[in-house]
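Here the structure comes first, spelled out in structure tokens, and everything after it is commentary.
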Amino acid sequence: LPFELEDSVPYDLDDVVIDHLVVGEIASDGKAKGETPVLGIMLPKKVLRQQLDLLAAGGLDPQAIVPSLIGLAAVSRMVRTEGVVLLIAGNDLCLKSGETVIGFRSFSPLSGTGGAAHTLKALETTHGVQVEKVLVLTSEHAVGWENLGIAVEHVVPEYNGKKAEEPVSLG
């Protein structure tokens, strides 16, 4: 993955931590079905060290650091969709076309509706689609999406026939 990303990122690879998440389907034998989409995740080592120091100061010793997008990736598979849909959980966005995840992105709620509009346009442009509906999974930072001229629906994913009280934690 670092070799693939080297020319595409504005950082020296020695200054960042890189990981990945397979977002495509894996067959029961553990092998990929054809081409498999992979989400590359990168974080500056300096930022990671600050977060680890903050947690240590609170008496915590995390065994793993998991971006919130990972929870949304898992939950997005539980939400049945048709057409081009944008799932929102907090600051994280997941773009689906039918049942296929085609993109992820985080945005800053400090930018207000302008940030949401720019992020939406960037996702649409990057993937060559037009979002038909927005599905909001959590109430946090959901304000403003209604102002973009797209149908907005609040949804609660189900797991084993039960509705999840906290969708991202379910992920």
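The numbers here are math on the coordinates, done by the rules we state, and not lab data. Note that the coordinates shown come from a computational prediction; the quantities given were computed from them, not determined experimentally. Glycine gets a Cβ as well: all are built from the backbone with ideal geometry, and neighbour counts include every protein chain shown.
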Projected label distance in nm at Leu60 and Val9, using a 7 Å step from Cα toward the beta-carbon
2.3
So Glu153 and Gln130, fully extended at 0.36 nm per residue minus their Cα-Cα distance, gain in nm 6.6 nm
Using a basic spin-label model with each label point 7 Å from the Cα along Cα→Cβ, how many nm lie between Lys46 and Glu82?
5.0
